[in-house]
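All of the numbers you see were taken from the coordinates with simple rules; none came from a lab. As the structure is a prediction and not an experimental result, all values here were calculated from the model. Heads up, the Cβs are rebuilt from the backbone with ideal geometry, glycines too, and the neighbour counts pull from every protein chain shown.
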Amino acid sequence: MAKQYGYLPDSLTYVSKAGQRTKAVSSSSIKLDVNRFARGVQADLRRLTNQLLHGQLSAQRWYDESARVLKLSYRATADVARGTQDDMTHEERQRWLELALALLLLLNRAAQAINTGAFPLDGSLTAYIGSLGAANNGLYENWRLEEANRLGYREARRVLTPADHCRDSKGRKGCIELAALGWVPIEQAVKIGGATCRDHCRCRMEFRGKTIGLVL
Amino acid sequence: MLKIRIPSSLKMLPRTNVPRLDTIQPMAHDELERFLLDYSLEEQRQVRELWQTHAARKSLIDFELSDG
């Protein structure tokens with residue numbers, strides 16, 4: 001299968017290399033694919049959890065398999081955000097660990113709650129674990145946010161994708177209100193997962209204002 | 001409308017369709033870190049396969065199916 005898409009890390013963009021011509025692939029197009037991937041992983045995890053709830057899978061096996069699927073999916077998403085499957089640099093490994101570990105610890109929290117009987121063994125467990133699959137959307141965007149910050153982009157904005165979006169609620173900002181802010185200093189950008197919708201967020205981020213020749 | 005009085009003793013019965021689960025041994029924090037940082041060639045292949053299963057743009061990032 002030939003390589004069709006190249007990635008330009010300096011501008012966080014993808015280009016199509018079909019034939020002789022090179023053309024940009026829109027970030028919204030890439031995001032749609034990440035969304036589709038996240039929905040697929042979400043469905044896989046829901047299926048696993050339903051097997052647990054129907055007594056077709058032991059709880060330990062459910063945990064081990066969910067952890068495996070989550071790790072693979074998060075790695076796939078990070079590689080799309082990086083634009084390569086090459087070995088990670090030390091800095092990338094630390095960034096990967098921080099992002100993926102936070103999500104795997106949520107799986108641990110669910111496992112501990114199941115052990116104590118605190119987590120109801122019904123559709124709410126299915127929905128919770130499914131949301132960890134949906135978190136691939138956030139991991140992709142948050143990776144790119146950190147990369148943009150590292151590269152010297154000065155501003156970021158949240159863009160609503162074709163989906164239902166949340167509003168301010170219970171002390172958390174909604175995606176609709178955050179998108180309405182427009183361009184904000186990049187250090188003030190709210191990470192995906194930080195809004196009312198939490199890990200279900202399907203927003204994407206855009207960046208601008210890169211200082212040419214910036215020495216970090 | 002027919003009204004049925006349910007004895008209070010019946011209301012206390014547990015649900016019968018809840019599975020009895022074994023105890024999960026979740027990975028400890030440092031074990032989780034190792035689990036995430038370890039990345040074999042086989043896992044790299046599985047990552048490609050998972051992406052190609054669910055995403056539309058199959059060859060986005062040099063994802064090539066190979067035996068190695």
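Per residue of the range A:83-95, what does 6.51 cos²θ - 1.76 cosθ + 1.60 with θ = phi - 60° give for ³J(HN,Hα)? Whole Hz please, x for Gly and Pro, Karplus curve as stated.
Each residue of the range A:83-95 in turn: x, 6, 9, 4, 4, 7, 6, 4, 5, 5, 4, 5, 5 Hz.
Which pairs, out of A:31/A:71; A:23/A:71; A:71/A:191; A:71/A:170; A:31/A:170, put more than 26 Å between their alpha-carbon atoms?
Numbers: A:31/A:71 20 Å; A:23/A:71 32 Å; A:71/A:191 20 Å; A:71/A:170 31 Å; A:31/A:170 28 Å.
With Cα atoms farther than 26 Å apart: A:23/A:71; A:71/A:170; A:31/A:170.
Shielding of A:88-98 by partners, i.e. mean partner chain Cβ atoms within 10 Å per residue?
That works out to 1 on average.
If amide H atoms are built 1.01 Å from N in the plane of the peptide, which residues on other chains or at least 5 residues away come under 5 Å of the amide H of residue A:15?
Hits under the 5 Å cutoff: A:6, A:7, A:8, A:25.
I need the phi-derived Karplus couplings for the range A:191-198: 6.51 cos²θ - 1.76 cosθ + 1.60, θ = phi - 60°, integer Hz, Gly and Pro marked x.
In residue order, the calculated couplings are 4, 5, x, x, 8, 3, 6, 6 Hz.
Using alpha carbons only, what's the Rg to Rh ratio of chain A with Rh from Kirkwood?
1.00
Using amide H atoms built in the peptide plane, which far-off residues or other-chain residues are under 5 Å from residue A:83 H to H?
When sequence neighbours closer than 5 places are left aside, there are no close amide H contacts.
Determine the shielding of peptide A:184-195 by partner chains: average, over its residues, the number of Cβ atoms on other chains within 10 angstrom of each Cβ.
The shielding value for this peptide is 0.
I'd like to compare A:176-183, A:36-43: which one has the highest average count of other Cβ atoms within 10 Å, and what's the full order after that?
Sorting A:176-183, A:36-43 by mean packing, highest first, produces A:36-43, A:176-183.
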